[in-house]
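Scroll down for the structure; my scribbles are underneath it.
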Amino acid sequence: MSQRILRLLIGLIAYGFGCALTVAAGLGVDPWTVFAEGLSRVTGIGVGWITNIVGLGVLLVWIPLRQKPGAGTVANILLVGTSMQIALGFLPHPDAWWLQALMLVAGVVVVAAASGLYIGARFGPGPRDGLMTGLHARFGWPIWACRLGVEGTVLVLGWILGGTVGIGTVVFALGIGPLVHVALPVLATRDKVPAPAHV
């Protein structure tokens, strides 16, 4: 159990750091971070703190979807945005394209490895992933359609609000799936975990 908790905490903190790398690169970020950036520009609140607030808001949507959060869900809301906000306080924001590209790629790789750690710890999905599975369970929509619909919506809204959409958004979209696919079996805990009570 203690090893799983450690994996969860390291994974979530690293996830926030990876997201911060993509933000600092300035070449475009994933859809949810585009949304957080847009809200940050409008409200003046740091993008990391907005990420936490959005995570809490998404968790509230779980109620009508009859989803039950796990400890990992709550930890996700508390740690990812906080880690991102702290990291953005010391990360450089380079102008040279090659440094931007390097930070972008590093960020995507760190996010993928972090996903392998925290998902593999099996303490429950993050609020955004739980939203996708909740929509699937409640309405029977395919997971890919739920993800496309939700992430497409937050991407457009974030872009309208001033979030950064660019080549980094495309790199993230194309790279994160295959990288997480590699990271999960490598970084998942080997501890035996009781089967979940519900699907």
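Please provide three numbers in whole Å: the alpha-carbon extents of the range 1-59 along the principal axes, with the largest listed first.
Extents along the principal axes, in whole Å: 41, 26, 17.
Let me have the 222 nm mean residue ellipticity of the chain computed from DSSP H runs of 4+ only, each contributing -39500 (n - 2.57), with the sum over all residues rounded to the nearest 500.
-26000 deg cm²/dmol
Work out which trypsin sites (Lys or Arg not before Pro) in the chain are exposed loop sites (DSSP not H, G, I, E or B, at most 16 other Cβ within 10 Å) and give the longest gap free of them.
67-189
Hey, if we sort I63, I50 by accessible area with the 1.4 Å probe, largest down, what's the order?
Listed by decreasing accessible area, they come as I63, I50.
Report ³J(HN,Hα) in whole Hz for each residue of the range 32-44, in order, from the Karplus equation J = 6.51 cos²θ - 1.76 cosθ + 1.60 where θ = phi - 60°; Gly and Pro get x.
5, 6, 4, 4, 5, 4, x, 5, 4, 5, 6, 8, x
Please give the contour-minus-distance gain from D95 to W144: 0.36 nm per residue of separation, less the Cα-Cα distance, rounded to one decimal in nm.
14.1 nm
Return one number: the angle in degrees, 0 to 90 and rounded to the nearest 10, between the long axis of the Cα atoms of helix 2-25 and the longest principal axis of the Cα atoms of the chain.
Rounded to the nearest ten degrees, it is 30.
May I ask for the net charge around G162, where only other residues with Cβ less than 11 Å from the Cβ of G162 are counted and Lys, Arg are +1 while Asp, Glu are -1?
Summing Lys and Arg as +1 and Asp and Glu as -1 gives 0.
For Rg and Dmax of the Cα atoms in Å, which listed value, (1) 17.5, 56; (2) 20.4, 68; (3) 16.2, 51, comes from the coordinates shown?
After the calculation, the listed value that fits is (3).
The values are calculated or read from the model by the stated rules, or taken from the named source; none is laboratory data. Everything quoted here is computed from the prediction, not taken from an experiment. Note: ideal-geometry Cβ built from the backbone for every residue, glycine included; neighbour counts use all protein chains shown. Accessible surface is based on the protein model in full, side chains and every heavy atom, while ligands, DNA and RNA are left aside. Shrake-Rupley method; radii C 1.70, N 1.55, O 1.52, S 1.80 Å.
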